[in-house]
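Engineer: Attaching a single structure in structure tokens format; questions to follow.
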Amino acid sequence: MKTTITKPLVQFILVTTLLTILFRISLSELLNNQLWNLVFIPPLIYFILMYVSGRFFGIKEYEYLPIGDIGFRFHLSTFVVFFTVSYSMSYLEYMSSSEPKGIIDTTLLIWGILLFSHFVFYQKFKRNNIKGINKEDIFD
Amino acid sequence: MTLDLLNSWEETYKKGQLTLWIFLSLKDGDKYVDEIKSFIENMSNNTISCEEQSIYRSLRKYLHLGIVEFNLKEGNKGPERKYYKLTELGDNLLNQFIERNIDLFYDEKIKKLLKRK
């Protein structure tokens, strides 16, 4: 099993794609129908389900082979899927007109900075790895 | 109180033992997981008990790191089994570990100290 693209990661990406599409559609629907009081629900449910999904597939992968990347591959995958879905829906004009223009760009910028910070930590953490596995996890 | 302390000490001591026992079982000859488990339990007088899942998990890591390899051989009944063995790297690793951590117990002074009154 390679330490970059693993079966649990691919399963996580598929679930993330589905959840992100559902999140985007439900958010746009609520905005289109001007149900302002309910717009907090899709992001909240999306956040909870993404957390549960990441934890589930992360633990599954760790139990199979404890790859030492402090969750960076899962984070990067979420980032790529989220913006691919978001920009695709925006391009196809599926997004609500009530969503401020440039909101995706702003999110991309802020999230991109966080992702880069995660990458820096990952690079530091990686120094303690042997063939992708953290030294402390090899003979645990 | 002594028993509680002893159990606590043994629990910590045994945690790090599985790797050594797996390697020793493979030094004894190629084995599949059931045989590794039996070897460990028999040779340790059942003081080390291990779940098959723990052995599989350890073997997957050692396989990934090139410490062990396996050959597929037919079992007595049913499907082919994975017979694991130490690679050259695994063999060197075990030898160096023994040299640095086990051999010192053969020192006469230590041997004397280990003898119970």
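Engineer: Can you give me the long-range amide H partners of B:Lys31? Hydrogens built in the peptide plane at 1.01 Å from N, cutoff under 5 Å, separation of 5 or more residues or another chain.
Structural biologist: Amide H neighbours of B:Lys31: B:Tyr84.
Engineer: Mind checking the log10 I(q)/I(0) for the protein assembly as shown at q = 0.14 Å⁻¹? Debye, one equal scatterer per Cα, no solvent, two decimals.
Structural biologist: One equal scatterer on each Cα of the protein assembly as shown leads to -1.03.
Engineer: Also, quick follow-up: Determine the calculated [θ] at 222 nm for chain A from helices alone, applying -39500 (n - 2.57) to every DSSP H run no shorter than 4 residues and normalising by the residue count; nearest 500 deg cm²/dmol.
Structural biologist: Here the helix-only value at 222 nm equals -24000 deg cm²/dmol.
Engineer: Semi-axes of the equivalent ellipsoid of chain B: what are they in whole Å, largest first, if each equals the square root of 5 times a C-alpha gyration tensor eigenvalue?
Structural biologist: Semi-axes (√(5λ), whole Å): 30, 18, 13.
Engineer: Moving on. I'd like the orientation of helix A:7-32 relative to chain A: the angle between its Cα long axis and the longest Cα principal axis, in ° from 0 to 90, rounded to 10.
Structural biologist: 20 degrees
Engineer: Please tell me which of these pairs span more than 22 angstrom C-alpha to C-alpha: B:Lys27/B:Lys115; B:Lys27/B:Lys112; A:Lys2/B:Lys15; A:Lys126/B:Lys61; A:Lys60/B:Lys73?
Structural biologist: Going by Cα-Cα distance, B:Lys27/B:Lys115; B:Lys27/B:Lys112; A:Lys2/B:Lys15; A:Lys60/B:Lys73 fall outside the 22 Å limit.
Engineer: Give the long-range amide H neighbours of A:Asn134: residues separated by 5 or more places, or on another chain, with amide H under 5 Å away, using H modelled in the peptide plane at 1.01 Å from N.
Structural biologist: The list, which skips near neighbours in sequence, is A:Gly68.
Engineer: What number, in nm² with one decimal, is the all-direction average of the projected area of the convex hull of the alpha-carbon atoms of region A:1-129?
Structural biologist: 8.2 nm²
Engineer: Follow-up. Nearest 10 degrees is fine. How inclined is helix B:52-65 to the longest principal axis of chain B, computing both from alpha carbons?
Structural biologist: 80 degrees
Engineer: Cut-off is 10 Å between beta-carbons; in what order do B:Lys31, B:Lys14 appear when sorted fewest neighbours first?
Structural biologist: B:Lys14, B:Lys31
Engineer: Sticking with this structure for a sec: Rank the residues A:Lys124, B:Lys37 as a footprinting-exposure proxy: fewest other Cβ atoms within 10 Å of their Cβ go first.
Structural biologist: A:Lys124, B:Lys37
Engineer: Tilt of helix A:41-64 relative to the longest C-alpha principal axis of chain A, in degrees (0 to 90, nearest 10)?
Structural biologist: Once rounded, the angle reads 20 degrees.
Engineer: Further question: With 10 angstrom as the radius, rank B:Arg60, B:Arg100, A:Arg24 by how many other C-beta atoms surround their C-beta, starting from the fewest.
Structural biologist: B:Arg100, B:Arg60, A:Arg24
Engineer: If you take every residue apart from A:Lys131 with its C-beta less than 12 Å away from the C-beta of A:Lys131, what net charge results, scoring Lys and Arg +1 and Asp and Glu -1?
Structural biologist: So the surrounding residues net to +3.
No lab work stands behind these numbers, since they all come straight from the coordinates. Quick caveat: nothing in here was measured; it's all calculated off a predicted structure. Don't worry about glycine lacking a Cβ; one is built from the backbone with ideal geometry, like all the others, and counts go over all protein chains shown.
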